[in-house]
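Below is one structure, written out as structure tokens; comments come after it.
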Amino acid sequence: MQKFNQLFPLWAILLSVAAIIARDSIALLEPAIVPLLAGIMFLMGLTLEKKDFQRIIAQPQPVMVGVILQFVLMPILAITLANMLELSTQLTAGMVLVGSCAGGTASNVIAYLSKGDVALSISMTIASTLIGVVATPFLCAFYLSETIAVDSISMLISILQMVLIPVVAGSLVNHFQRPVVLKIEPALPSIAIVLILIIIAVIVALNAERLPQVGLLTLVAVILHNSLGLAGGFFVSRLFGFNLRQSQTIAIEVGMQNSGLGVALALQYFSATAALPGALFSIWHNISGSLLAARWSRKRTTLDYLLKDQQQTNAEQ
């Protein structure tokens, strides 16, 4: 299962190619996107325990800084990059939607693979998901109101239905049926990845004819958005005095968005074109996250080895 999860970027690319080839058939799955996203959020809820919420209360500062960066830095980067690259109104809406979303569940997997602070990662995802229920629609309205109509109240209700209710339902199931959840818990990340892959395939299929015109420029915008989010999350958190593991974890959380939510909202309130940045972000942030995880994990393993070797030498002396 872990190998399957680590190869997520490869599966995403292969499925995207398949979606372009069989676009008419796969595009028929468009109505399934919202239920699939709700399923992903329910799976997230299944992983939550009381101690996860207690961690936020016990160590609020890194969570607070990370979440503020999430909802301040990422939307600003999105609208700035969209204007600089002169993206269309619909693509700009898609960029802002992704930038205004909470952290994605994939960030928790990447934090684990990078040997980061997984507890902090989970805490940030919970906090940003709950805050994002209100923040996402109003950030979109704030940044897009001059160019496109945004029904922030309807979007808020949609997020409640797609995010908050499934997460709460999952956490309640985990609380009352913990022995059952423990049996299936190892498979939950893989199930979530399969659902995300289906969403990506559908969005690529819906945009297959537009990809030659807007795909490359949108991909550049997405790569810059993700890269600057990762860098901003890391360096700003270092300025606040957080240790290396915390700063790397905050970087991952800030740079990796719940792009599946961005896709679902784009289809519901804008267009298939507006959903393209979210689909590309889903692929790219897992590639960049996996590369970072491999690098940071390797460096941390080497550092741990050197520290143990030094401690052993000191003990022998």
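The values are calculated or read from the model by the stated rules, or taken from the named source; none is laboratory data. Predicted, not measured: the structure shown is a model, and the values here were computed from it. Methodologically, a virtual Cβ is constructed for each residue, glycine included, from the backbone with ideal geometry; neighbour enumeration extends over all protein chains shown.
Are any of the residues in region 258-271 part of a helix (DSSP H, G or I), in contact (Cβ under 8 Å) with a residue 40 or more places away in the chain, small (Gly, Ala, Ser) and surrounded by fewer than 24 Cβ atoms within 10 Å (Cβ to Cβ)?
First, the residues of region 258-271 that are part of a helix (DSSP H, G or I): 259-269.
Now drop any that are not in contact (Cβ under 8 Å) with a residue 40 or more places away in the chain, which leaves 259-269.
Subsequent filtering for residues that are small (Gly, Ala, Ser) retains 259-260, 262, 264, 266.
Subsequent filtering for residues that are surrounded by fewer than 24 Cβ atoms within 10 Å (Cβ to Cβ) retains none.
No, every residue in region 258-271 fails to be part of a helix (DSSP H, G or I), in contact (Cβ under 8 Å) with a residue 40 or more places away in the chain, small (Gly, Ala, Ser) and surrounded by fewer than 24 Cβ atoms within 10 Å (Cβ to Cβ).
For (1) over 30 Å from PHE42 (Cβ atoms); (2) buried (at least 24 other Cβ atoms within 10 Å of the Cβ); (3) touching a strand residue (DSSP E or B) at 6+ places or on another chain (Cβ under 9 Å), each residue gets a yes or a no:
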{"site": "HIS175", "(1), (2), (3)": "no, no, no"}
{"site": "GLU185", "(1), (2), (3)": "no, no, no"}
{"site": "LEU224", "(1), (2), (3)": "yes, no, no"}
{"site": "ALA251", "(1), (2), (3)": "no, yes, no"}
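Would you confirm whether any residue within region 203-221 is closer than 30 Å to PRO62 by Cβ and of a type in the set (D, E, K, R)?
Looking only at region 203-221, we keep the residues that are closer than 30 Å to PRO62 by Cβ, and these are 221.
The next check asks that each one be of a type in the set (D, E, K, R); those that pass are none.
No; the residues of region 203-221 include none that is closer than 30 Å to PRO62 by Cβ and of a type in the set (D, E, K, R).
Of the residues GLU209, GLU185, which is over 15 Å from the mean Cα position of the chain (by Cα) and part of a loop (DSSP other than H, G, I, E, B)? Step through it out loud before you land on a result.
Details: GLU185 fails: part of a loop (DSSP other than H, G, I, E, B).
GLU209 is the lone residue from the list that is over 15 Å from the mean Cα position of the chain (by Cα) and part of a loop (DSSP other than H, G, I, E, B).
Looking only at region 1-18, how many residues end up being under 22 Å from the mean Cα position of the chain (by Cα) and in contact (Cβ under 8 Å) with a residue 40 or more places away in the chain?
Residues meeting the conditions: 11.
What single numbered condition from (1) in contact (Cβ under 8 Å) with a residue 40 or more places away in the chain; (2) touching a Pro at 6+ places or on another chain (Cβ under 9 Å); (3) in a helix (DSSP H, G or I) fails to hold for VAL150?
Among (1) in contact (Cβ under 8 Å) with a residue 40 or more places away in the chain; (2) touching a Pro at 6+ places or on another chain (Cβ under 9 Å); (3) in a helix (DSSP H, G or I), VAL150 violates only (3).
Can you confirm whether region 164-182 contains a residue that is closer than 30 Å to SER25 by Cβ and either assigned to a helix (DSSP H, G or I) or free of Cβ contacts under 8 Å to residues at least 60 places away in the same chain (or both)? Explain how you work it out, then say what you get.
Let us first name the residues in region 164-182 that are closer than 30 Å to SER25 by Cβ, namely 166.
Restricting the remaining residues to those that are either assigned to a helix (DSSP H, G or I) or free of Cβ contacts under 8 Å to residues at least 60 places away in the same chain (or both) gives 166.
So far as region 164-182 goes, yes, one or more of its residues are closer than 30 Å to SER25 by Cβ and either assigned to a helix (DSSP H, G or I) or free of Cβ contacts under 8 Å to residues at least 60 places away in the same chain (or both).
Within region 229-257, count every residue that is in a helix (DSSP H, G or I) and closer than 13 Å to PHE281 by Cβ. Show your work before the answer.
Taking region 229-257 as the starting set, the residues that turn out to be in a helix (DSSP H, G or I) are 229-239, 244-255.
Then drop every residue that is not closer than 13 Å to PHE281 by Cβ, which leaves 229-230, 255.
Residues meeting the conditions: 3.
Mind telling me which of the residues ILE203, ILE198 ends up being of a type in the set (A, V, I, L, M), within 20 Å of ALA106 (Cα to Cα), surrounded by 15 or more Cβ atoms within 10 Å (Cβ to Cβ) and at pLDDT below 85? Talk me through it step by step, then tell me what you get.
Details: ILE198 fails: at pLDDT below 85.
Sole residue among the options that is of a type in the set (A, V, I, L, M), within 20 Å of ALA106 (Cα to Cα), surrounded by 15 or more Cβ atoms within 10 Å (Cβ to Cβ) and at pLDDT below 85: ILE203.
If you check ARG23, ARG55, which single one turns out to be under 23 Å from THR125 (Cα atoms), basic (Lys, Arg) and in contact (Cβ under 8 Å) with a residue 24 or more places away in the chain? Walk me through how you get there before you give the answer.
Working: ARG23 fails: under 23 Å from THR125 (Cα atoms).
Only one candidate passes the filter, namely ARG55.
Just checking, which of LEU120, LEU73 is buried (at least 20 other Cβ atoms within 10 Å of the Cβ) and either touching a residue at least 24 places away in the same chain (Cβ under 8 Å) or in contact with a Lys or Arg (Cβ under 9 Å, 6 or more places away or on another chain) (or both)? Spell out the reasoning first.
Numbers: LEU73 fails: buried (at least 20 other Cβ atoms within 10 Å of the Cβ).
Checking each option against the conditions leaves just LEU120.
Go through (1) over 15 Å from the mean Cα position of the chain (by Cα); (2) buried (at least 21 other Cβ atoms within 10 Å of the Cβ); (3) not hydroxyl-bearing (Ser, Thr, Tyr) and name the single condition ALA149 misses.
The single condition ALA149 does not satisfy is (2).
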